[in-house]
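Below you'll find the structure, written out as structure tokens, and then a few comments.
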């Protein structure tokens, strides 16, 4: 089943084979890879195409829901990726990356908010987890704007750095999300 999400400025859609070149170019950048836990650096040739090929089986197994982030004004040009990964019953982790030229424009927050709604409404999550390496505070602001609250610090492996790095962990429970949503509806916010 192909899922497509829309926000004010973005479309989150399944990746297509044609997206591999852009993904390969972006995730090969140290400034992106070093801020993720699972992207190696240097990024292997043709790894983007293999990664995209894996999405359908991951979605079908219920383990991972990965989306290509594109601007509504340029839906053929990937600018990033985001998704939800199953951790354990009712518990999912969200992640995202955007091309550097799109940083600081609120687009990661738009994508994260769309993932939150998808996680709670479609995947029936009870809790959403995320985190960011301590040297990436902008990602923490994205998570806070999406409703997450800081939940401690953990050591997390970074494939690009080939080392454990301190990670600020964040949590958003269904209860907290529903209360905030009700409050926003009441106040018209």
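List of remarks:
- Pairwise FRET efficiency - residue 121 versus residue 46, Cβ, R0 = 45 Å, nearest 0.05: 0.80
- Backbone N within the range 60-83 under 20 Å of label point (7 Å from residue 18 Cα along the Cβ vector): 67-82
- For the options 63, 169, 13, a Gaussian network treatment of the chain with springs between C-alpha atoms closer than 10 Å singles out 63 as fluctuating the most.
- Correct option for Cα extents along the principal axes in Å [calculated from the coordinates] among [x] 55, 30, 29; [y] 50, 35, 34; [z] 45, 33, 28: [y]
- Ellipticity estimate at 222 nm from DSSP helix runs (n ≥ 4, -39,500 (n - 2.57)) divided over the chain, nearest 500: -10500 deg cm²/dmol
- Estimated distance in nm for a label pair at residue 149 and residue 89, the labels positioned 7 Å out from Cα along Cα-to-Cβ: 2.5
- Span from the the range 78-111 Cα centroid across to the the range 15-68 one, whole angstrom: 12
- Distance (nanometres) between label positions extended 7 Å along Cα→Cβ at residue 157 and residue 76: 4.0
- Put simply, when 125-132, 100-107 are sorted by average Cβ atoms within 10 angstrom per residue, most first, you get 125-132, 100-107.
- Modelled FRET efficiency - R0 22 Å, residue 184 with residue 9, Cβ distances, 0.05 increments: 0.65
- Here residue 54 and residue 174 are evaluated by their C-beta separation; at R0 = 22 Å the FRET efficiency comes out at 0.20.
Where a number appears in this text, it was derived from the coordinates with a stated rule and is not lab data. This is a predicted model, so every value here is computed, not measured. Ideal geometry is used to build each Cβ from the backbone, glycine not excepted, and the neighbour counts take in all protein chains shown.
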